[in-house]
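Below: one structure, written as structure tokens.
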Amino acid sequence: MKIRFFFLLLGMYNATFALTKVDITRGHVEPLPIAISDFLGDKHIASELRSIIINDLEGTGLFRVIAREAYIDEVNIDKTPTFASWRQINATTLIGGSVSSKERNVGFKVWDVFAQAEISHEKISLTNNNIRKVAHKVADEIYKKLTGEDGYFNSQISYVSLLKDDKGRYKRRIAVMDYDGHNHQFLTAMNNKIVLTPRFSPDAKNVLYLSYENKLHPKVREINVNTKLSHEVGEFNGMSYAPRYVDDRHALLAVAKNGASNIHILDLATMKQEQITFCSAICTSPSASPDKTKIVFNSDMGGTRQLYVMDYDGKHQERITFNHGYYSSPVWSPRGDLIAFTKMLPGKGFFIGVMRPDGSGERVVARGWLVDGATWAPNGRVLMFERENGPDKGVGIYTVDITGHNERRIKTPYEASDPYWSRNFDPE
Amino acid sequence: MKKIFGIVFLMLVVVLTSCQSRHNGHGSGNASSSAAPGTQEDLEENIGNFVLFELNQSTLSSDATAVLNRQVDWLNNYQYINVLVEGHCDIRGTREYNLALGERRANAVKDYLVSRGINSSRISVISYGKERPVVLGSGPEVWAQNRRAVVVIN
């Protein structure tokens, strides 16, 4: 009788054979043990690929890569593996591949060890400087085959890097990096000018952010990631802020004037803008649904900070939060199914939560002395946010699953806040 | 014994009259400061250049309007002076909403000054949200001092 120990972890079971699968919405699961054998070909490239893939997969909290020392067999991508050798070390899944310097590609296969079936076979082009992207793509593919969800390992983060001066005050710079912290670069100079809430365009070529560089007039600016050149966007009477791209050439933002804030749509090509809310209170922090039919926003028009949803043209505003607490910083998932937000409960601190767009199903995923600024992974199943655990404890950015598990700090050169998560890209 | 009491009493008087009364919240200042008239120091030390707000509020208390009334007189005395009103929030809030609330606080001060006859073109506003606390640290006393609108010569 074969020991089907790992079937406890499987989400799907078929009478003839079982495909190993991880249900990532089910809450805390034991990481699935998998084996990644050394890819054939260039040893240096193979080694780098392997370590990036391991970092990606183990970082999700869903997988555990069995140590190479434990492997009792090898894998040749052109031959069927001896599955018994891999079952013996309790690997549920086996990955093997080869780097072809001549053909300039990486080929890899994924096998389900218990089903004794090949479940994936891909080839990805390799250039001089896309090794990390190729590794992330391999990890994306493995993740997708084993969870059914899209991966997110070829994504980038924009955020505010903070450094305390000798008076204990922050100097801020806009920075971008791969989601795993590599390829970090600063976009703005080190100075005393406040910069806040940087957000990538969908193609990640530009970033919208709030800047105080025009001394008396804080305004939204757009900066090109490549050239580092920036310009103010739109001509607004008042402070423009809270920008979010809707697509590469359109953005939502808020404008504060005469004590009220209202939401505008801005065409970044023509700089034509249209005001879509007419609050005498604060209506701010707009975030569009991925199908661009609705906008969720933050308003105190009812007396306290709550979340509202309206049509993209500003009509049919409806409040969606009615529970105890103050709600703000709403952001619509790229999946369309959930809205993340910050909630403050006096005396109890701050919370990052998710809810359905009609306000139902509210759940907490993180809590702390100060947590804010949630941003979605491109697959809508992981959140990133900023966290401060107390006064003078510093601020950093963290990720957490939407189940509330697997919270991890993202390594940054200095303190970090205002994270924004780009979409997932293909390696060129 | 009388002598000691007399010395202590004298010391107390000196301390109380020279104390900057920031702790009553509204920078009511010390009329005997040596600041040159019509300067930022003059505004801060003799008139009071900031007002405080309750949590989540932008309404002006009676202490606040008392300070602003003195600012009105001062601005009427120095017609060439323009000012910037900065609106601030405490750290126990979210980033974007606090930018809006700071703007609302700054405008509450501007609106009051204008209602008392100061020409609106002399007053600019800016919000710093929660990004520029005047007092670092934590606790209700610290937060109360950071929930403020500050008037500076432009």
Review point. Somewhere in region B:6-27, is a residue closer than 24 Å to B:Gly117 by Cβ and either modelled with pLDDT under 95 or in contact with a helix residue (DSSP H, G or I) (Cβ under 6 Å, 6 or more places away or on another chain) (or both)?
Key: yes
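Results for (1) acidic (Asp, Glu); (2) surrounded by 24 or more Cβ atoms within 10 Å (Cβ to Cβ), shown as yes or no for each residue.
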residue: B:Val72; (1), (2): no, no
residue: B:Asn76; (1), (2): no, no
residue: B:Gly87; (1), (2): no, yes
residue: B:Glu96; (1), (2): yes, yes
residue: B:Leu99; (1), (2): no, yes
residue: B:Gly102; (1), (2): no, yes
residue: B:Val114; (1), (2): no, no
* Based on what the data block shows, is A:Val354 part of a strand (DSSP E or B), more than 14 Å from every other protein chain (Cβ to nearest Cβ), of a type outside the set (Gly, Ala, Ser) and surrounded by fewer than 19 Cβ atoms within 10 Å (Cβ to Cβ)? -> no
Item to complete: Consider B:Leu43 carefully, then state whether it is aliphatic (A, V, I, L, M), surrounded by 15 or more Cβ atoms within 10 Å (Cβ to Cβ) and either in contact with an Asp or Glu (Cβ under 7 Å, 6 or more places away or on another chain) or within 13 Å of chain A (Cβ to nearest Cβ) (or both).
Response: no
By residue number, the members of region A:371-398 that are part of a strand (DSSP E or B), touching a residue at least 24 places away in the same chain (Cβ under 8 Å) and not small (Gly, Ala, Ser) are A:Val371, A:Asp372, A:Thr375, A:Trp376, A:Val382, A:Leu383, A:Met384, A:Phe385, A:Glu386, A:Val395, A:Ile397, A:Tyr398
Cβ pairs under 7 Å, 6+ apart or interchain, first in region A:252-280 and facing chain B (nearest Cβ under 10 Å) and among the charged types (D, E, K, R), second crowded, with 19+ Cβ neighbours inside 10 Å and not in a strand (DSSP E or B), ordered by first then second residue, are A:Lys257/A:Gly238
Of A:Lys343, A:Lys348, A:Lys411, A:Lys393, the only residue that is out of contact with any strand residue (DSSP E or B) (no Cβ under 7 Å at 6 or more places or on another chain) and either away from chain B (no Cβ under 14 Å) or buried (at least 20 other Cβ atoms within 10 Å of the Cβ) (or both) is A:Lys411
If you go through B:Arg147, B:Arg92, B:Arg105, B:Arg116, the only one that is closer than 30 Å to A:Asp392 by Cβ, among the basic types (Lys, Arg) and over 13 Å from the mean Cα position of the chain (by Cα) is B:Arg92
Within region A:174-214, residues within 14 Å of another protein chain (Cβ to nearest Cβ) and among the charged types (D, E, K, R) come out as A:Lys193, A:Arg199, A:Glu213
Across region B:52-82, the tally of residues that are in contact with a Lys or Arg (Cβ under 6 Å, 6 or more places away or on another chain) and not in a loop (DSSP other than H, G, I, E, B) stands at 2
Within region A:223-239, of all residues that are outside any strand (DSSP E or B) and within 14 Å of chain B (Cβ to nearest Cβ), the one surrounded by the most Cβ atoms within 10 Å (Cβ to Cβ) is A:Phe236
- Message: When you check B:Gly38 against the structure, is it under 11 Å from the mean Cα position of the chain (by Cα), at pLDDT below 95 and surrounded by 13 or more Cβ atoms within 10 Å (Cβ to Cβ), yes or no?
- Response: no
Here the qualifying pairs (Cβ atoms under 6 Å; residues six or more apart or on different chains; first in region A:47-75 and farther than 12 Å from A:Phe153 by Cβ; second of a type in the set (Gly, Ala, Ser)) come out as A:Leu49/A:Ala135; A:Ile66/A:Ala35; A:Ile66/A:Ala91; A:Ile72/A:Ser85; A:Asp73/A:Ser85; A:Val75/A:Ser37; A:Val75/A:Gly96
Counting only residues in region A:302-317 that are within 14 Å of chain B (Cβ to nearest Cβ), assigned to a loop (DSSP other than H, G, I, E, B) and in contact with a strand residue (DSSP E or B) (Cβ under 7 Å, 6 or more places away or on another chain), the one surrounded by the most Cβ atoms within 10 Å (Cβ to Cβ) is identified as A:Arg305
(message) Please verify whether A:Phe425 is assigned to a loop (DSSP other than H, G, I, E, B) and of a type in the set (Phe, Trp, Tyr), treating the condition exactly as stated.
(response) yes
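The values are calculated or read from the model by the stated rules, or taken from the named source; none is laboratory data. Since the structure is predicted, the reported quantities are computational estimates derived from the model, not experimental observations. Neighbour counts are summed over all protein chains in view; Cβ atoms, including those assigned to glycine, are modelled from backbone coordinates with ideal geometry.
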